[in-house]
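Structure first, commentary second.
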Amino acid sequence: MGWGYHFRNDNAPVLQMDTEEKFFSFIVKTEFPESHHRFDQCGVVVYLDSENWLKASIEYENERFQHLGSVVTNFGYSDWATTEISASIKSMWYRLSRREDDFCMECSEDGVVFRQMRVCHLHEGKGKIRFGIYACSPEESSFRAVFSNMKLTECQWLAHDGQAPDEEF
């Protein structure tokens, strides 16, 4: 799944659930110890149709680094947000939260402390949506992805009531 600079690939295996719930969080742990080929990836997805979707995942790049990131596609136009992380990371938790047609994607290495990756809007994201997990190896490759600890909860992404100061580490 990916769009950008006239590139289109829309064929990843997806396991999704339908919901009309306007406020929720979906949490899942991903493990991918065998990812080894460029663009091997697994993560969370909201897939409405080929023109409207979002995903958060880690995409393998090479032996040194991979990309932790997200893609948001509205009306066929995608934007990508990525950052390089070590290729030695072979597990990641994701928390996908919905507040009507707005979404928050977060990641965690331990399943306890989640860091915001992105807040975004899906123009077609009102009413019934489909969300879940996906894995793919878009080039001539394959790998094993394991999804566990899936949980659906009340929305963990609180309504915005002004900008709170960042916590110090």
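The values are calculated or read from the model by the stated rules, or taken from the named source; none is laboratory data. These numbers come from a predicted model, not from an experiment. All Cβ positions, glycine included, derive from the backbone under ideal geometry; neighbour counts span all protein chains shown. For the accessible areas, the whole protein counts, side chains as well, though only heavy atoms, and no ligand, DNA or RNA atoms are used. Shrake-Rupley method; radii C 1.70, N 1.55, O 1.52, S 1.80 Å.
All but one of (1) open to solvent by less than 90 Å² (accessible area, probe 1.4 Å); (2) within 17 Å of the chain's Cα centre (by Cα); (3) over 25 Å from residue 35 (Cβ atoms) hold for residue 94; which doesn't?
(3)
Kindly provide the set of residues from the range 53-68 that are open to solvent by 10 Å² or more (accessible area, probe 1.4 Å) and part of a strand (DSSP E or B), ordered by number. Show your work before the answer.
Just the residues of the range 53-68 that are open to solvent by 10 Å² or more (accessible area, probe 1.4 Å), to begin with: 59-65, 67-68.
Within the range 53-68, 59, 60, 65, 67, 68 meet the criteria.
Would you check which residues across the range 106-155 are aliphatic (A, V, I, L, M) and in a loop (DSSP other than H, G, I, E, B) and list them? Write out each step before concluding.
Of all residues in the range 106-155, those aliphatic (A, V, I, L, M) come to 112-113, 117, 119, 122, 129, 133, 135, 145-146, 150, 152.
Once the filter is applied, which keeps residues that are aliphatic (A, V, I, L, M) and in a loop (DSSP other than H, G, I, E, B), the range 106-155 yields 112, 113, 122, 145.
Collect the residues in the range 97-115 that are touching a residue at least 12 places away in the same chain (Cβ under 8 Å) and closer than 22 Å to residue 32 by Cβ, keeping them in residue-number order. Before the answer, list the steps.
Of the range 97-115, the ones touching a residue at least 12 places away in the same chain (Cβ under 8 Å) are 97-111, 114.
Within the range 97-115, 105, 106, 107, 108, 109, 110, 111, 114 qualify.
Would you call residue 66 polar (S, T, N, Q) and farther than 19 Å from residue 34 by Cβ?
No: the conditions fail for residue 66.
Could you identify the single residue in 124, 139 that is at pLDDT below 95, open to solvent by 50 Å² or more (accessible area, probe 1.4 Å) and not hydroxyl-bearing (Ser, Thr, Tyr)? Outline the logic, then answer.
On the way: 124 fails: at pLDDT below 95.
Being at pLDDT below 95, open to solvent by 50 Å² or more (accessible area, probe 1.4 Å) and not hydroxyl-bearing (Ser, Thr, Tyr) holds for just one of 124, 139, which is 139.
Assuming residue 103 fulfils every condition listed in (1) open to solvent by 10 Å² or more (accessible area, probe 1.4 Å); (2) farther than 17 Å from residue 67 by Cα; (3) part of a strand (DSSP E or B) apart from one, which condition is it?
Checking residue 103 against (1) open to solvent by 10 Å² or more (accessible area, probe 1.4 Å); (2) farther than 17 Å from residue 67 by Cα; (3) part of a strand (DSSP E or B), the one that fails is (1).
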